[in-house]
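In what follows, a single structure is set out as structure tokens and then discussed.
What follows is calculated from the coordinates using simple rules that are stated; it is not laboratory data. Keep in mind the model is a prediction, meaning the values are calculated, not measured. FYI the Cβ positions are ideal-geometry reconstructions off the backbone, even for glycines, and counts take in every protein chain you see.
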Amino acid sequence: MVRAGARAKTYLDASEALLAEAEELLASGDLREASEKFWGAVVQAVKAVAEARGWEHYRHHHISRAISRLVAETGDVELSRLFSSAERLHANFYEGFMSELELRAHAEDARRLVGKLGALLAS
């Protein structure tokens, strides 16, 4: 069982705050900023789990590696697919290529991933 410490909780709280911001931005039609907030929520949730496990999480490749480690640990390959979807949100922030319909689908993946990561901390 992995118990989240204070730092992991700080990351998880940041993830939840970013999700709330993302939802507000999406509702207001600011798709690029919403994209980045959803991405940020995912990264903070990954950092929470990585922190709880004592894994590095300070660079983008550390975040990707943490997802790979979690897939190996849990056998849940959906974590990787959801993470890839969230990375697409990050790219959308810079390029603005997603329609609102596409963004909403990727945002659902980000929400799902954050939920799965939170559950890993709670278990």
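Things to note:
- Between Leu26, Leu103, Leu89, the Cα set farthest toward the positive side of the dipole of the chain (charges on each charged residue's Cβ, about the Cα centre) is that of Leu89.
- Residue among Arg112, Arg32, Arg59 with the largest mean-square fluctuation in a Gaussian network model of the chain, springs linking Cα atoms under 10 Å: Arg59
- Between Ser80 and Arg104, the distance separating the two model label sites (each 7 Å from Cα on the Cα→Cβ line) works out to 3.0 nm.
- Partners of Lys47 within straight-line reach, counting aspartates and glutamates whose Cα lies under 20 Å from its Cα and excluding those fewer than 8 residues away in the same chain: Asp13, Glu16, Glu21, Glu36, Glu56, Glu73, Asp76, Glu78, Glu87, Glu108, Asp109.
- For Leu25, Leu113, Leu89, Leu103, order by how many other beta-carbon atoms lie within 10 Å, fewest first: Leu25, Leu103, Leu113, Leu89
- For the range 1-54: rounded, prolate or oblate by the Cα gyration tensor [a/c cutoff 1.5]: prolate
- Most fluctuating residue given options Ala107, Ala22, Ala91, as computed from a GNM of the chain linking Cα atoms under 10 Å: Ala91
- Each Cα pair under 8 Å and six or more residues apart adds its separation to the average, and for the chain the resulting relative contact order is 35 percent.
- Sparse-neighbour loop sites [chymotrypsin sites (Phe, Trp or Tyr not before Pro); the range 41-123; at most 13 other C-beta within 10 Å; DSSP]: Tyr58, Phe97
- Environment charge at Leu70 (Cβ cut-off 11 Å; Lys +1, Arg +1, Asp -1, Glu -1): +1
- This model, with +1 at the C-beta of Lys and Arg and -1 at the C-beta of Asp and Glu, gives the chain a dipole about its Cα centre of some 620 debye.
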